[in-house]
Amino acid sequence: MTTPHDLSQSALDFRRHFDQYFLGVIPRLLNQEGLFLSFLSTLVAIDSLAGAYQPDKGTGERFRAFIVDFFPKEYAPHASRLWKFRNHMIHSLNPQPFMMVCHNSRMHLCEASGVRMLNAEDFYADLVSASRAYFVALYADADLQIRFAQRIAASDGGKPTTASVVETIHL
């Protein structure tokens, strides 16, 4: 990827895949049965964007920076706790230090019985908003485009690819 056109095409492809696999699927999980998977998927989506945003930083630092820079301002004071939440969820399906709820928008980011609540629908909606803000910034900012190119070229980053699977029939 050396030309601006190639970079633009890669960014468009990345966004198309992001929208299809995250933003298109997570809403199907916004219910009691899908609660854990909706949060896991949202956290992985944030990781994906954060890696493209600041590929030169450590995973935690870029995750927190993405929350502060692209999520609504109400999230900034919770960035470190959201990083802990991400680690607990990814590694042990433990929602600490938050309580996950669904269909309780009035409780999102509120505290009850000493525990901060995350409502699945609000968290997803804020991911949609943050992803839109990131992609708008990416299309307009040459430095972000360089970092994006760095991330998709990295062996631990990469860009989405598609492949066809063809069954081999032995006669």
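Read-outs throughout are calculated quantities, based only on the coordinates presented, and are distinct from any laboratory measurement. If you're wondering where the values come from, they're calculated on a predicted model, not measured in any experiment. Heads up, the Cβs are rebuilt from the backbone with ideal geometry, glycines too, and the neighbour counts pull from every protein chain shown.
Some notes on this structure:
- Among residues of segment 96-128, those that are within 20 Å of Leu23 (Cα to Cα) and either among the small types (Gly, Ala, Ser) or in contact with a Gly (Cβ under 7 Å, 6 or more places away or on another chain) (or both), counted: 3
- Criterion (among the aromatic types (Phe, Trp, Tyr), in contact (Cβ under 8 Å) with a residue 60 or more places away in the chain and either in a helix (DSSP H, G or I) or touching a helix residue (DSSP H, G or I) at 6+ places or on another chain (Cβ under 8 Å) (or both)) met by exactly one of Phe39, Phe63: Phe39
- Test: residue in segment 98-118 that is within 13 Å of the chain's Cα centre (by Cα) and touching a residue at least 12 places away in the same chain (Cβ under 8 Å): no
- Lone unmet requirement of (1) touching a residue at least 12 places away in the same chain (Cβ under 8 Å); (2) within 19 Å of the chain's Cα centre (by Cα); (3) under 21 Å from Phe22 (Cα atoms) for His88: (1)
- Within segment 27-48, considering residues that are among the hydrophobic types (A, V, I, L, M, F, W, C) and under 11 Å from the mean Cα position of the chain (by Cα), the one surrounded by the fewest Cβ atoms within 10 Å (Cβ to Cβ): Val44
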